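Asker: The structure's right below; bear with me while I get my questions together.
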Amino acid sequence: MKYLKNLFLFRAVFLFVICAYLKQPLLYVLSIIYLLVKNYKESILFVVICLFSLGINTFVHDAIPVGVVQEVNNSYVVIDKFLYRVKVYDTDFETGNLVYCLEKGERVTDKKELKNTYKYSGGTYKKLIEKTPLYYSYKRIENFDKTYQDLIKKLLFNQYVMDDELDFYLGHGFALYYLLKAVYRKNKKLSLAVVFLFSLIFGFKYKYLLLILEVLLNRLNRIDKLSVLLLIFGLINIESLLNYSILLPLIFMFISISEYKDSKIVVPLIQSIFFGEVQLGVSFFYKFYMYIRINILMVVLIAFIIPVISPFTLWIINLLSKVLKLMSFSVRGQISVVSVLLIFVINKLIKNENSYIFLLIFILVLGSPFNKPFLKVSYIDVGQGDACLISGYFDSYHVLIDTGSKYNYSKLKNYLLKEGIYTLDYVLISHDDEDHSGNLSNLKKDFKVKNVISEKGDVSIKGLFLKNLYIDEFDNDNDNSLVYETYIKDTHFLFTGDISSKAERELLSKYDIEDVDFLKVSHHGSKTGSSAYFISRILPKVSVISTNGKFDHPSIECLNNLNSYKSNIYISKEKGDIEVYFFNSAKIIKSGMSFDIMVS
């Protein structure tokens, strides 16, 4: 990177961020050794930053007692404490209440259920002020009909709404950040005032803090500004750097001071890595695309202030969204490290300096089966639900077992996009519960679904054979779940739906099931299933539990039974997506940032 002049601070901060996120003691040691070799002063700086971070995590994070109730659900509320959010199991609040923490609960990092936040498992709060500007904002939305409510919730409050309730894709994404940046370039003081006003009305967001810091650090050179921003967010909350509203602007800032700042491959590469889909129109006309998105945001803001123009607003947004759809032709897939190396090798071999040719090579490699060379089984994190994907070598087939609930469709869709999937050869529905079958209609809209199996029967495709373990009918839907068994590269997999211990006994009385390598634990780890008798018979080496913790899943009884027979437990609420890759006799289990190896 020939444009990076001042790396003294950057190297120490970058290594701190990596170590703080991965939390591996060996990484801290290796970082200190590396920096000692480069410059002993950098190693001292790195140690000072790490000690300062430890102090902040120990004493400062919980020092903010006041927060605003941002979201109210059936069994808990989400409280925005400005630098992070907490989840409190108390619903005696309304959205917008200003609250004060009387008694702190246990704080644990929970990346999946409350993304990029902190969660309290307990705690006691009392109201200070019932009607804050945020409260009035939510009340104002109630004056709009359902369509406009969804627009405002999605664009201004970044809240999930069902995609099929809107005629077009929305989500404020970068639009708000770029809009506020445009105001900043015109008038710095005005931009700070606008950020403050936004924070009051629509709740504080990390992107606002990023903009404020950019103003305050304006006199620094770009590499030092990037270093300081990384340091501040790393110290405040390391998880904040996984928030795309923070991470992507920082990545673009880094690219702007590198030799690739004018490369046409930058936008599609970022789209592929983070969103699993490269929109070709956006890649070629990125500034025009962002201009439209900013205009959509501004139109919704005007409608929020002047509700009477809402019908006209919807007409304008539909018109602008049609232009976006013309740009939305896409190539799906998350580019692999191997593919990135291949792209650069090809580009060097043909000695090409044309960035458009470079972009074409990127698109061709991304869309080819060579970008997806592995045979793998994926337990997709869809919250409180099940979704397991079996993918053949080089994109040869895709079989999905269950679809998760409709509320979490975005998780399932994003995963399938990153896998570069256009066609699902089979979708197997274990039973009709919404958390297993809720996304079937959504899948049919976004992917070509060749076959749907919801009745008893075996499935065979290109060397994969899924045997349906048929047992007699029961008087409840859970026990009538379709149970499938398969062997992949001599590795034994068992998918059990939501069956209880009663169905488990029937299963064992009819089939000789032993030495299971991978068990999809039934009913999200409920105490109704995974009996000691069942586990003692099948002896699973690895047990995967798909849950977000709702209903106190997994149960203590389930975990005790699995632990008693030395099964390695993976829980999606802790690990996220759990993927099993096959390399001859070895299996690599990837969960989050960790890798485990199994050898047959």
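The values are calculated or read from the model by the stated rules, or taken from the named source; none is laboratory data. All figures in this text were calculated on a predicted structure; none of them were measured in a lab. Glycine also receives a Cβ, built like all others from the backbone with ideal geometry; neighbour counts cover every protein chain displayed. Accessible surface areas use protein heavy atoms only, side chains included; no ligands, DNA or RNA. Shrake-Rupley method; radii C 1.70, N 1.55, O 1.52, S 1.80 Å.
Asker: Between a residue in segment 314-333 that is free of Cβ contacts under 8 Å to residues at least 24 places away in the same chain and any residue that is buried (at least 18 other Cβ atoms within 10 Å of the Cβ), which pairs come within a Cβ distance under 8 Å, given they are 6 or more apart or on different chains?
Answerer: That search, which allows pairs on different chains as well, returns Ile316/Val299.
Asker: Let me ask something else. So how many residues does segment 8-67 have that are among the aliphatic types (A, V, I, L, M) and within 25 Å of Met593 (Cα to Cα)?
Answerer: Final tally of qualifying residues: 19.
Asker: Just give me the residues in segment 426-451 being open to solvent by less than 20 Å² (accessible area, probe 1.4 Å) and not polar (S, T, N, Q), in sequence order.
Answerer: Taking segment 426-451 and keeping what is open to solvent by less than 20 Å² (accessible area, probe 1.4 Å), we get 427-431, 436, 438-439, 442-443, 447.
Residues satisfying the conditions are Val427, Leu428, Ile429, His431, His436, Gly438, Leu443, Phe447.
Asker: Moving on. Can you tell me which condition Ser460 does not meet? The list is (1) in a strand (DSSP E or B); (2) touching a residue at least 24 places away in the same chain (Cβ under 8 Å), and all the others hold.
Answerer: (2)
Asker: With the requirement that a residue be in contact with a Gly (Cβ under 9 Å, 6 or more places away or on another chain) and open to solvent by 10 Å² or more (accessible area, probe 1.4 Å), what does segment 452-464 give you? Give the steps one after another, and end with the answer.
Answerer: Of the residues in segment 452-464, the ones in contact with a Gly (Cβ under 9 Å, 6 or more places away or on another chain) are 461-464.
Within segment 452-464, Ile461, Lys462, Gly463 qualify.
Asker: Additional query: Checking Asp224 against (1) part of a strand (DSSP E or B); (2) surrounded by fewer than 20 Cβ atoms within 10 Å (Cβ to Cβ), only one condition comes out false. Which one?
Answerer: Evaluating Asp224 over (1) part of a strand (DSSP E or B); (2) surrounded by fewer than 20 Cβ atoms within 10 Å (Cβ to Cβ) leaves (1) as the failure.
Asker: Considering only strands (runs of 3 or more DSSP E) fully contained in segment 472-583, which possess at least 2 residues that are surrounded by fewer than 21 Cβ atoms within 10 Å (Cβ to Cβ)? It would help to see each step written out before you state the result.
Answerer: Numbers: elements: 484-488, 491-495, 518-520, 542-545, 568-571, 578-583.
In segment 472-583, the matching strands (runs of 3 or more DSSP E) lie at 484-488, 491-495, 568-571, 578-583.
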